[in-house]
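The values are calculated or read from the model by the stated rules, or taken from the named source; none is laboratory data. These numbers come from a predicted model, not from an experiment. No Cβ is skipped: glycine too gets one built from the backbone with ideal geometry, and neighbour counts run over all protein chains shown. Ligands, DNA and RNA are stripped out before the accessible areas are found, and what is left, the full protein with its side chains, is counted by its heavy atoms. Shrake-Rupley method; radii C 1.70, N 1.55, O 1.52, S 1.80 Å.
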There are 4 protein chains.
Amino acid sequence: MRVGVLTGGGDCPGLNAVIRAVVRKGVQAHGFEFVGYRNGWKGPLEGLTMPLGVEECRGILPRGGTILGSSRTNPFKVEDGVEKIRANLERDGVDALVAIGGEDTLGVATKLADLGVDVVGVPKTIDNDLSATDFTFGFDTAVNIATEAIDRLHTTAESHHRVLVVEVMGRHAGWIALHSGIAGGASMVLIPEQPFDIEDVCARVETRFKSKYAPIIVVSEGAVPREGGEMTIASGEKDAFGHVRLGGIGDRLASEIEARTGKEARTVVIGHVQRGGTPTAFDRWLATRFGLQAIDAVAEGDFGTMMALRGTRIERVPLRDGTGELKLVSEQEYAEAAVFFG
Amino acid sequence: MRVGVLTGGGDCPGLNAVIRAVVRKGVQAHGFEFVGYRNGWKGPLEGLTMPLGVEECRGILPRGGTILGSSRTNPFKVEDGVEKIRANLERDGVDALVAIGGEDTLGVATKLADLGVDVVGVPKTIDNDLSATDFTFGFDTAVNIATEAIDRLHTTAESHHRVLVVEVMGRHAGWIALHSGIAGGASMVLIPEQPFDIEDVCARVETRFKSKYAPIIVVSEGAVPREGGEMTIASGEKDAFGHVRLGGIGDRLASEIEARTGKEARTVVIGHVQRGGTPTAFDRWLATRFGLQAIDAVAEGDFGTMMALRGTRIERVPLRDGTGELKLVSEQEYAEAAVFFG
Amino acid sequence: MRVGVLTGGGDCPGLNAVIRAVVRKGVQAHGFEFVGYRNGWKGPLEGLTMPLGVEECRGILPRGGTILGSSRTNPFKVEDGVEKIRANLERDGVDALVAIGGEDTLGVATKLADLGVDVVGVPKTIDNDLSATDFTFGFDTAVNIATEAIDRLHTTAESHHRVLVVEVMGRHAGWIALHSGIAGGASMVLIPEQPFDIEDVCARVETRFKSKYAPIIVVSEGAVPREGGEMTIASGEKDAFGHVRLGGIGDRLASEIEARTGKEARTVVIGHVQRGGTPTAFDRWLATRFGLQAIDAVAEGDFGTMMALRGTRIERVPLRDGTGELKLVSEQEYAEAAVFFG
Amino acid sequence: MRVGVLTGGGDCPGLNAVIRAVVRKGVQAHGFEFVGYRNGWKGPLEGLTMPLGVEECRGILPRGGTILGSSRTNPFKVEDGVEKIRANLERDGVDALVAIGGEDTLGVATKLADLGVDVVGVPKTIDNDLSATDFTFGFDTAVNIATEAIDRLHTTAESHHRVLVVEVMGRHAGWIALHSGIAGGASMVLIPEQPFDIEDVCARVETRFKSKYAPIIVVSEGAVPREGGEMTIASGEKDAFGHVRLGGIGDRLASEIEARTGKEARTVVIGHVQRGGTPTAFDRWLATRFGLQAIDAVAEGDFGTMMALRGTRIERVPLRDGTGELKLVSEQEYAEAAVFFG
């Protein structure tokens, strides 16, 4: 059997660990051969291949990124995209595909599976917003990097009497903010699921200073003020301290806090550092187990499935479950942590 | 209500995070007062207390160790131990206890609960060998430290053509070895649950060298050779404290490999570094959530319970479940990873 | 003898290590007593003191920030500032001062020394731009944090074919950019001392992509385009990819590169994470030795001096040397590294 | 010109950074070609070569180990060793050699230079015991790893009332122990240069416990008791490779402290983790600059030299200076830190 492997979407620590596990087990336990498709769905679409065997996977386990490259190409938006993929798979003698990626990449996989392509999916999102699985790989790494940054900022906040706003990833779901905020001992966590009241935020900043401690506010990039509580400083304007702020929520929040409370505020945007580089042990373990299970699914002909962590077990669920509803932070989960905020 | 808190047993990153969560939520949400009992069960036994409030918990979240101190004192092995504890709780006006500890500490808690003391338990073991919960805090930190060490040793193994034996904690269960071995890309993992054959180990060392790569072997401190496959080099002797100081399994294995294969072998014993210092984000998050749930259990009068992680939820289970059967690595879980070994 | 200690200016890993060394050696070797002045020169100016002894210094060595707090208060800009300081020193029975800080803080110390106040200085700047000393503490920590970020960004750059611009601290001097750029294997380093040509930068970006590798550009916050080579995109405008950019040099550079080359570019601003948190071993060692030497200078009555590292020795130089000319990256030092850039 | 490069001796973070700098600058600035000699002096002795160009050096800067492999082979102990080397250099068209290594490797280089071979040396020792240079690369990494371990052990020592003995590398010189002991806030540092009195050590252990704090003792592997103060517990035996595997000084010290003071003591031997894995920023910077300067020396025909750090400058010194007297910790340097010990 000949199996094609591809990785799509944004960077995420653990991608190489999945690839390595798929290949090692595929070769050693099942006697499979592999074809690496380069740059996500662009690979099978345009016939971009690379050799992929045990040797290519040497030493990649602790490495961030993906040896296969990535893209956001969607073959369903390309004329005759599906036909081109079918033709290339046939040309390459590929019997089945392992597709590693997020909502978009697995969405394509789901549609291809419906059209009869033999494909197995491995979910990937550092945002952890996939309802089918307890955790996704990459998330633990992102949370640790954000937490280490918060650890470092505590001393600056306290020695210099400043508000520190830490912006982390999470466009739709606040998981990275919530976990790193809890782990880092933040004074406040603002997430997309719970629109914030800027007056309330500023009131808590002032309370915090009264108790002698400077506040650290962790905010998801997708957090928004609630209706009727809009912020008044537009993107790009100078604030009270002469800082020019960007349109990101972290910078806007810092400007608004300065304007309303008169306390100096600084923003740190963790940014792409969260999604690059070596994965934590947890992410390597999870990614490896996803890979092992995925190639077993291929061997068993259990196509149209994707891997999911449930407790400590790796289970297979229908692929479309990976592309349905987002897993958001519930009101209860947010409330659980609220005792530390404010 | 007045609540006593104690920590018992060996060091484990996350203890302070539990204490802080218990106190913060107890004070802010439930209006409780707290008494810190020092040095495990020795505290209530001998009436060793310290002040414990929100102020004492400032800044302790990222710190290893325990601000309450610890011991292995068992009040059931002390004359009139239980009566002394009752008397001290009464003297201190303590209505309920939160006991944070491993098998021994929670074993005492279980017996006291049976005798009518109002106690709630929080499980603690870096070994992760507790059947009631998916993971225990401290484990993720230990695994990451071991994995970082293995990462560093790869280059030495390969540049210098040496066998490297890495001994990690785990007297009865191989979880730390298994997870760090998978995450670190070890060539072999030896665990207590699966007695090893020294001839087989040496054969795999030689195979590995033939493929140009030097082997890294991760071994639990409690791993043992299988019957009929005993090693021939004797271990060292017991010292004043009963430690077998010299001749741990790592050193013995390295000696045996050198003697049998003629390849140079070195041992690294990770040791106490695994159980000290700042916890990972995962462990801080888990420890914090255990603490929040434990003080809610106290508030609800749900005594005789201990906290457990199931998937992503914190649940309460009967205390005796924390002190029953060990959670060992199953044959299937070991086999799953075996494709990487040898 | 009674010695006052203060820390001024921005945060810098190692401040607490200096304080601890000053106090430990002052108490144990010289029998001194100490007064902590809070918040930089504001402390002696307004008589803000705190107890400072061996006990207050327990456990602070690995901690970022400063237990004494800081400020940028300049007593020479306050009416009767010097008289107030003299009066407070007398009130507190303080015979001599140890002032730990940057150009501004030591500038005040220099003037006070000229006016007869017994003061010894310890230089502090993460920018490493002090000509009197080989290195300043805090710099090594900042460089390591920036280097770790660059390490993480390499995989994103390569897997996703993006230009990554990393903005680090350094308003006047490019030391952090130069050292972290060399250590992180950057493709280009832009520093304030060498105004850059944007056309040349873009040409090198394109060359780099031709060799299959995505470029990482490290830029000091104070880097500027050279005359005649101004950038055309103003702060706050949307760029070709619809990103709104801030006025910082990193964001502006990324916009300009996108507009000129059509390659997607992302910015990471390391920011305050560089100057908070636990110091590296080098910075703890240097800060400790500065502190030991500073209190010896006090004991010997060698006032008006500040500490400097020369090779591996700590020497004392006149205070005004710490506040004179900046140490900039020379053309030769920049050229030495240029073989890696472009 | 065609240049051979080799690395000899034990592992040391930064070796790959030197190789990369030598090759990058050699190719780009001087137009040289390179030959990689594998496994130290064994390479030119037995004609073991590998391709070495810019491509082979991609991505190796942050990697520990050496892509060239290493050995301790001494061609002067092999019959006709020098003639064989000459013949292989001629066969490979190699005009000059860059030899990267410690005392032994550079000792061979020195003798070969005397015999007319064109060779330039780069010093390498994690022990930092080379008198010609302020620091050697690898040392900063080793010190940071030891310091991080000590940081982690503090909480165990204090929460569990134990003596912790941390054994670090350093057979003849105590630099790693001294720097990591200062940086880690150790209670005692024992080094080879200052034989210790076991009674004095135990007295200080007891004093420390009286002040409520548990002691951490950092000891160089080469530390020895002073004459007349021998320890009474014998060490283990030599194994097949001549290692004294059991009964290293750390273990012996812990046993002796337990026996004499009745306090529980544990040993952590940092071991090979100190010399593997990714180098710190300082070591990458130093190794890179050594490499750049070394290939410039080749280009200038300045043979028989080795690179040295003096302050912040890289200088060239005669090769034999790298193989002469060891740089030991002086009495004054040890005394400077003694205020923290005991």
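Computed quantities for the displayed model
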| quantity | calculated |
| --- | --- |
| Unique match (being touching an Asp or Glu at 6+ places or on another chain (Cβ under 8 Å), crowded, with 24+ Cβ neighbours inside 10 Å and at pLDDT 95 or above) among D:Gly47, D:Gly43, D:Gly8, D:Gly36 | D:Gly8 |
| Contacts under 7 angstrom Cβ, first residue in the stretch A:46-63 being more than 10 Å from chain B (Cβ to nearest Cβ) and over 14 Å from A:Gln28 (Cβ atoms), partner assigned to a loop (DSSP other than H, G, I, E, B) and of a type in the set (Val, Ile, Thr), 6 or more apart | A:Glu56/A:Ile67; A:Arg63/A:Thr278 |
| Enumeration of residues in the stretch C:115-146 that are among the small types (Gly, Ala, Ser) and either open to solvent by 20 Å² or more (accessible area, probe 1.4 Å) or over 30 Å from A:Pro62 (Cβ atoms) (or both) | C:Gly116, C:Gly121, C:Ser131, C:Ala132 |
| Residue list for the stretch A:166-201, filter: more than 19 Å from A:Ala335 (Cβ to Cβ) and under 14 Å from the mean Cα position of the chain (by Cα) | A:Val168, A:Met169, A:Arg171, A:His172 |
| Of the criteria (1) under 27 Å from the mean Cα position of the chain (by Cα); (2) at pLDDT 95 or above, which one B:Glu103 fails | (2) |
| Among (1) farther than 19 Å from B:Ile270 by Cβ; (2) within 10 Å of the chain's Cα centre (by Cα) - the single one B:Phe137 does not satisfy | (1) |
| Tally, over the stretch A:300-342, of residues that are crowded, with 18+ Cβ neighbours inside 10 Å and of a type in the set (Lys, Arg) | 3 |
| Selection status of D:Gly121, touching a Lys or Arg at 6+ places or on another chain (Cβ under 6 Å) and more than 14 Å from chain B (Cβ to nearest Cβ) | no |
| Number of positions in the stretch A:187-207 that are surrounded by fewer than 21 Cβ atoms within 10 Å (Cβ to Cβ) and under 18 Å from B:Arg24 (Cα atoms) | 2 |
| Residue that is over 26 Å from C:Val143 (Cα atoms), in the same structural domain as D:Thr267 (by TED's automatic domain parsing) and among the hydroxyl-bearing types (Ser, Thr, Tyr), where the choices are D:Thr105, D:Thr155 | D:Thr155 |
| Output for the stretch B:147-186, where each listed residue is open to solvent by 10 Å² or more (accessible area, probe 1.4 Å) and not in a helix (DSSP H, G or I) | B:His161, B:Arg162, B:Glu167, B:Met169, B:Arg171, B:His172, B:Gly185 |
| Selection status of B:Ile249, at pLDDT 90 or above, within 14 Å of chain D (Cβ to nearest Cβ) and within 24 Å of A:Glu148 (Cβ to Cβ) | no |
| Every residue from the stretch A:64-79 that is more than 10 Å from every other protein chain (Cβ to nearest Cβ) and surrounded by 15 or more Cβ atoms within 10 Å (Cβ to Cβ) | A:Thr73, A:Asn74, A:Pro75, A:Val78 |
| Selected residue (only one of A:Thr136, A:Thr147 is in contact with a Lys or Arg (Cβ under 7 Å, 6 or more places away or on another chain) and within 19 Å of A:Gly277 (Cβ to Cβ)) | A:Thr136 |
| Residues located in the stretch C:2-30, provided they are part of a helix (DSSP H, G or I) and of a type in the set (Lys, Arg) | C:Arg20, C:Arg24, C:Lys25 |
| Qualifying positions in the stretch D:138-154 - small (Gly, Ala, Ser) and within 7 Å of another protein chain (Cβ to nearest Cβ) | D:Ala149 |
| Failed item, numbered, when D:Thr110 is tested on (1) in contact with a strand residue (DSSP E or B) (Cβ under 9 Å, 6 or more places away or on another chain); (2) within 12 Å of chain B (Cβ to nearest Cβ) | (2) |
| Hits in the stretch D:263-302 - residues which are out of contact with any helix residue (DSSP H, G or I) (no Cβ under 7 Å at 6 or more places or on another chain) and under 30 Å from D:Arg162 (Cβ atoms) | D:Gly271 |
| Entirely in the stretch C:241-342, the helices (runs of 4 or more DSSP H) that have 2 or more residues that are assigned by TED's automatic domain parsing to the domain that holds C:Glu33 and of a type outside the set (A, V, I, L, M) | C:281-299 |
| Hits in the stretch C:259-290 - residues which are more than 8 Å from every other protein chain (Cβ to nearest Cβ), closer than 23 Å to A:Asp251 by Cα and buried (at least 24 other Cβ atoms within 10 Å of the Cβ) | C:Ala265, C:Ile270, C:Gln274 |
| Condition check for C:Lys210: more than 12 Å from every other protein chain (Cβ to nearest Cβ) and closer than 23 Å to C:Gly69 by Cβ | no |
| Matching option when the condition is assigned to a loop (DSSP other than H, G, I, E, B), touching a Gly at 6+ places or on another chain (Cβ under 9 Å) and either modelled with pLDDT under 95 or not polar (S, T, N, Q) (or both), among C:Glu193, C:Glu230, C:Glu199 | C:Glu193 |
| In the stretch A:318-340, the residues that are of a type in the set (Gly, Ala, Ser) and either in contact with a helix residue (DSSP H, G or I) (Cβ under 6 Å, 6 or more places away or on another chain) or within 21 Å of B:Trp285 (Cβ to Cβ) (or both) | A:Gly322, A:Ser330, A:Ala335, A:Ala337, A:Ala338 |
